[in-house]
Amino acid sequence: MQPKRKTPYYLGRLCDGTSICPNLVGGGTVRIGKGSEIGERCRISIANSLEIGEKVLLSPNVYITDCDHEYRDVDVPVIDQGIVQRGQKVSIGEGSYIGINAVIVGNVRIGRHCVVGANSVVTKDVPDYCVAVGSPAKVIKNMKN
């Protein structure tokens with residue numbers, strides 16, 4: 001029995017020391033910095049832009065997207081309304097850690113050396129050196145203070 005063939009995806013530029021585990025799906029412009037690691041079963045759905053800084057760790061099952069489904073017309077099924085793409089960008093600063101099962105949605109900037117807790121849903125920016133947890137994620141600590 002032959003192993004199932006995996007379809008390659010173009011993810012953009014990968015730097016030395018970058019590690020990507022299987023089951024990553026990509027599109028749009030994706031930049032992953034040197035020494036970063038993307039865990040197993042992460043899903044990246046990018047219509048516009050994703051930038052991951054150096055030495056970023058994404059735990060398994062993280063989902064990142066910069067777009068959303070349209071849902072303006074209540075008489076039309078969401079699946080038939082298309083995708084909202086507003087030139088949004090997701091960025092994750094260097095040295096940050098994203099916990100298992102976290103979701104990052106929309107036009108979001110996660111700063112440098114941040115921690116996003118397991119199962120958190122990030123819908124707003126997280127400043128540098130902060131810990132954010134919950135659904136929706138809220139900053140609970142600034143590690144510089």
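Considering only region 76-104, state which residues are of a type outside the set (S, T, N, Q) and in contact with a Pro (Cβ under 9 Å, 6 or more places away or on another chain). Outline the logic, then answer.
The first filter runs over region 76-104 and keeps only residues of a type outside the set (S, T, N, Q), leaving 76-80, 82-84, 86-87, 89-90, 92-95, 97-100, 102-104.
Within region 76-104, ILE100 is the sole residue that qualifies.
Quick one: GLY106 ticks every box in (1) within 16 Å of ARG43 (Cβ to Cβ); (2) touching a Ser or Thr at 6+ places or on another chain (Cβ under 8 Å); (3) buried (at least 18 other Cβ atoms within 10 Å of the Cβ) except a single one, so which number is it?
Unmet for GLY106, out of (1) within 16 Å of ARG43 (Cβ to Cβ); (2) touching a Ser or Thr at 6+ places or on another chain (Cβ under 8 Å); (3) buried (at least 18 other Cβ atoms within 10 Å of the Cβ): (3).
Identify all residues within region 45-103 that are hydroxyl-bearing (Ser, Thr, Tyr), in a loop (DSSP other than H, G, I, E, B) and either surrounded by 19 or more Cβ atoms within 10 Å (Cβ to Cβ) or modelled with pLDDT of 90 or more (or both); write none if there are none.
In the first step, residues of region 45-103 are kept if they are hydroxyl-bearing (Ser, Thr, Tyr); the result is 45, 49, 59, 63, 65, 71, 91, 96-97.
With the extra rule that they be in a loop (DSSP other than H, G, I, E, B), the set shrinks to 59, 71, 96.
Once the filter is applied, which keeps residues that are hydroxyl-bearing (Ser, Thr, Tyr), in a loop (DSSP other than H, G, I, E, B) and either surrounded by 19 or more Cβ atoms within 10 Å (Cβ to Cβ) or modelled with pLDDT of 90 or more (or both), region 45-103 yields SER59, SER96.
Is it true that some residue in region 117-126 is more than 10 Å from the chain's Cα centre (by Cα), closer than 17 Å to ARG31 by Cα and surrounded by 14 or more Cβ atoms within 10 Å (Cβ to Cβ)? Spell out the reasoning first.
First pass over region 117-126, keeping only residues more than 10 Å from the chain's Cα centre (by Cα): 117-121, 123-126.
Retained after the next criterion (residues that are closer than 17 Å to ARG31 by Cα): none.
No - not one qualifying residue is present in region 117-126.
Any idea which residue in region 104-145 is farthest from LYS34 (Cα to Cα), counting only those that are among the β-branched types (Val, Ile, Thr) and part of a loop (DSSP other than H, G, I, E, B)? Steps first, answer last, please.
First, pick out the residues of region 104-145 that are among the β-branched types (Val, Ile, Thr): 104-105, 108, 110, 115-116, 121-123, 126, 131, 133, 139-140.
Now narrow it down to the ones that are part of a loop (DSSP other than H, G, I, E, B): 108, 123.
Values: VAL108: 21, THR123: 26 Å.
Looking at the filtered set, the residue picked out is THR123.
The values are calculated or read from the model by the stated rules, or taken from the named source; none is laboratory data. This structure is a prediction, so every number in the text was calculated from the model and none was measured. Positions of Cβ are generated from backbone atoms using ideal geometry, with glycine treated the same way; all protein chains shown enter the neighbour counts.
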